[in-house]
Amino acid sequence: MFLPVNKVKLHKQRLTTLLKHRQKLLQQGAFSLARINVIDTQLLNHLYTLSDLKSDAPTDYFAGQNLTQVSELSWQGLCELSLNNSEHIDIYRLVACDLCNTPIADITAHFNELRSTEQLAHFTLLQHNVKHWQLSDLKALRTSVMEGKEQPPAIVKTLLFSQPLTSSELLAAVLHEYKEGTVLFIKLRFAAGFAGVLTSSLLIWDAYDLNKKGQHGAALASLIGSGLGIASALHGAVFVSMGPFGWAFLIGSIVSGLIVSYLTLTDAETWAKYGPFSKDSSQRIQLDKQSSKATVPANNKYEPFADPKLYMRFITSVLFSPQVVIKHLQGTHYVIEINLPLYNNHNSDVYLNVGLKRFARGAQSLNVDIKPINVPKNGQPILSQTKWGVKEIASLQPLQFQRNDNGQITKAVSFGMFDDNYVFNVSAKARVDIEGVSYPQKLISYKTIDEEKANPEDATDWQSAVLHL
């Protein structure tokens, strides 16, 4: 009694497994015909057995018919049966491929008949006989499809445009754009153009910043590069392709960027150019040995460089400012290291400020409302939590100091825990105070701007590092 039932279940399981194997094989695009033939043969054997059981079978694939009866159906009958049992379409495709070998005599006439009765979905099965692809005299339908007047099933579109096309049809097909695709393409095209314009526009701000620092050549090159970048982005968005002008704009913006990089002065170069060691006599600060006074040229806006203490302070900042690194240890554990090349054990202090960006509740958007954490030098760990009460999404230990063999402090370290289910970005910034002077120093605070004198006392700045979890 139980043996037949178990055999039916076995046939059913094997059929399902083989169908999955066949689908995976077809998805590969290129596969062994011998392999597909073996699978198809096994599938048909199981189908013959299950279809013979009819009402006793767990699944009725053919509306009460067995596979032998189905194989004797006409293409019309098979297509109608498959449409009424669309949940078993893979089974019917197998039958169409392996059991229905006789093609329809006049496939073009049959195609037109199906078109008139709105039954072109039959080609879901009809396509499995290669002779059903040999359609003729369908130029009017192809034109109608390209003009958007008719929207047949996808397989029918494939059949239509797989036929030999005339020169005029080829040209129309190349120039034709389907409405949905056109709208999406235009949106993407202009979105890309807008992104290019926005990116290039940032160079305008860079040009303004460079000009404010007195680096006029680099500022001009940055402004030109911005204009060329914007022109290149707009050209690509409007004309779709780059073309000679688009390439000229793009190459021009790249060259301008290289010129900006070459002309932009680093802080150390600025210190050398506008101080008493400058090669340019029109910029060099002149020192009078008799009066011990310094004379600053009219076009040198870095007057504080005439003060030896301030001049030394700035180059000290350039060479010996603290460096910040965020490292991942394991799991949710991280370490923030502050390298201290210049630190006096008796009259120095170090400050570490950590900012966090976290996911909003439900992780549907991003939020940055976690307040920065000032890491202490001793005491208890600092904990951070969300507004809805999830505690310890971040924890930072007080700073620990590392010394060299001479007992000199060379590094400050804070160990932290960041829950990446909530936190997605960690930024750390540090500075060190030595004898009341903060390092690093802001260069802009040493430069006279719009006739306002520079004030190095407001030059407090931070060295920073960012890590995306």
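The string of couplings for the range 282-297 from the Karplus curve (6.51, -1.76, 1.60, θ = phi - 60°) is 6, 10, 5, 6, 8, 10, 9, 5, 6, 8, 6, 10, 10, 10, 9, x Hz, one whole number per residue in order, with x for Gly and Pro.
Peptide packing for 282-288, 303-309 was compared via the average number of neighbouring C-beta atoms within 10 Å per residue; ordered from the highest value, the list is 303-309, 282-288.
With a threshold of 32 Å on the Cα-Cα distance, the over-threshold entries among K357/K411; K371/K442; K327/K442; K309/K411; K327/K453 are K327/K453.
Summing +1 for each Lys or Arg and -1 for each Asp or Glu among the other residues whose beta-carbon sits under 12 angstrom from that of P152 gives +2. Counting only Cβ charges, +1 for Lys and Arg and -1 for Asp and Glu, the dipole size of the range 83-137 around its Cα centre is about 100 debye.
From the phi angles alone, apply the Karplus equation (6.51, -1.76, 1.60; θ = phi - 60°) to the range 97-105 and give each ³J(HN,Hα) in whole Hz, x where the residue is Gly or Pro. Calculated HN-Hα couplings, in order: 6, 10, 10, 9, 8, 8, x, 6, 4 Hz. With protein chains left intact and a 1.4 Å probe, residues in the range 262-318 average 64 Å² of accessible area per residue.
The values are calculated or read from the model by the stated rules, or taken from the named source; none is laboratory data. For clarity, every value in this text was computed on a predicted model and none was experimentally measured. Counting neighbours? That spans all protein chains shown, and the Cβs are built from the backbone with ideal geometry, glycine included. Protein only, heavy atoms only, side chains kept; ligands, DNA and RNA dropped before computing areas. Shrake-Rupley method; radii C 1.70, N 1.55, O 1.52, S 1.80 Å.
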